[in-house]
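Written below as structure tokens is the structure these notes are about.
The values are calculated or read from the model by the stated rules, or taken from the named source; none is laboratory data. Please read these numbers as outputs of a predicted model, since none were measured by experiment. A quick note on method: Cβ atoms are made from the backbone with ideal geometry, for glycine too, and the neighbour counts reach across all protein chains shown.
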Amino acid sequence: MNLPRWQFVFIALAGWINREQLEIIEYLMAENRVLREQLGKKRLRFSDDQRRNLAVKAEAVGRKTLQKFSSMVTPDTLLRWYRQLIARKYDGSANRGPGRPPKSNDIRELIVQMAGENVSWGYTRISGAMKNLGYDVGRTTIRRIMLESGLDPAPQCKKGMSWKDFLKTHWEQMTAADFFTIEVMTLRGLVRYHVLFVLEIATRKVTLAGITSNPSGEWMKQVARNLTDPCDEFLKGKKFLLHDRDPLFTEAFREILRSSGVEPLKLPARSPNLNSYAERWVRSAKGECLERMIFFSESALRRAATDFVEHYHQERNHQGLEYRLIESFDDKPPHSIGSVECRQRLGGLLKFYRRSAA
């Protein structure tokens, strides 16, 4: 078959062009190898424009062709750049609005307060309570705020009650009892006396239940009868009495309390923090009064302990009560008329200040 002369010329020209392109490619590949050998193991850094240009060219060539010759980057990298180039084209994040504004700090603090003070409330209950106050907050937002504040999610926060929450729930019905010891100098030498007291947790009022050098089961039963006496009972209206695991709190003592409607709660071993109010009173009584005196008789110890209790109730301000007095004989606000007098108990060991009557 004889080809026309013009077709023969066309085929010859195409072969010459193809051979010339192959020679150019071989030269560029050799130049590329020399360049990589010069750079060694140094990592190449490409600008965004260079990546874009190489990615467009690589997509036109294809993966199979790219794998036939050595390149400065792998074919997968070139194609990944190309996919990123397409993703940027359709990226509309720059045109998005600011979205829903975050909740104010006042709303967040109110949600955290409700969740902390009401452990049985779920997200819906808190959302309803917020609506009562004029705030429209969804359940998902409440959950996120609780988690960010370190609070347990609603299903978990209902499972148990901490000692702190338990005490607050039964605040007005709670009392605490404890012992402490004081050494008294007698003709027989040092004698250890046991002081038993009971404290109302809500008001911080204290009563001395008994002082003895020989505590026994019979003595403890008499103390229980005194505390639950119908005429002058310190435990009137109370439901619980916290005490440690001291063996002096006998089962007979506890049974007398139960018969009067007071449930004794024995605390776990080595847990003084669970009876912190009683422990704090012991520290105050000893540090401010009893450990700063030498006693030579039981009567002296009783007098000093009684004076300190009266001082503790009527003349000493309390940080836990916002620096108020436990017992105030005058409900009127303090006046600024009259001279200031320094009054004292126990020879000046306990001091307080009052204004003289105008």
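Here are the numbers for this structure:
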| read-out | value |
| --- | --- |
| Residue in the stretch 187-206 that is assigned to a helix (DSSP H, G or I), crowded, with 16+ Cβ neighbours inside 10 Å and touching a strand residue (DSSP E or B) at 6+ places or on another chain (Cβ under 8 Å) present | no |
| Number of the condition not met by Glu233 [criteria: (1) farther than 17 Å from Phe180 by Cβ; (2) of a type in the set (Asp, Glu); (3) in contact with a Phe, Trp or Tyr (Cβ under 7 Å, 6 or more places away or on another chain)] | (3) |
| Residues that are charged (D, E, K, R) and either buried (at least 17 other Cβ atoms within 10 Å of the Cβ) or assigned to a helix (DSSP H, G or I) (or both), drawn from the stretch 114-144 | Glu117, Arg125, Lys131, Arg139, Arg143, Arg144 |
| Selection status of Asp229, at pLDDT 95 or above and assigned by TED's automatic domain parsing to the domain that holds Leu274 | no |
| Thr250 being within 34 Å of the chain's Cα centre (by Cα), among the polar types (S, T, N, Q) and more than 22 Å from Leu301 (Cβ to Cβ) | no |
| Failed criterion for Leu147 (all others in (1) of a type outside the set (Asp, Glu); (2) over 22 Å from Thr169 (Cβ atoms); (3) surrounded by 14 or more Cβ atoms within 10 Å (Cβ to Cβ); (4) within 19 Å of the chain's Cα centre (by Cα) hold) | (3) |
| When residues of the stretch 282-306 are limited to those that are under 37 Å from the mean Cα position of the chain (by Cα) and of a type in the set (D, E, K, R), the one nearest to Ile201 (Cα to Cα) | Arg283 |
| Residue among Glu251, Glu233, Glu279 that is under 19 Å from Gly210 (Cα atoms), among the acidic types (Asp, Glu) and touching a residue at least 60 places away in the same chain (Cβ under 8 Å) | Glu279 |
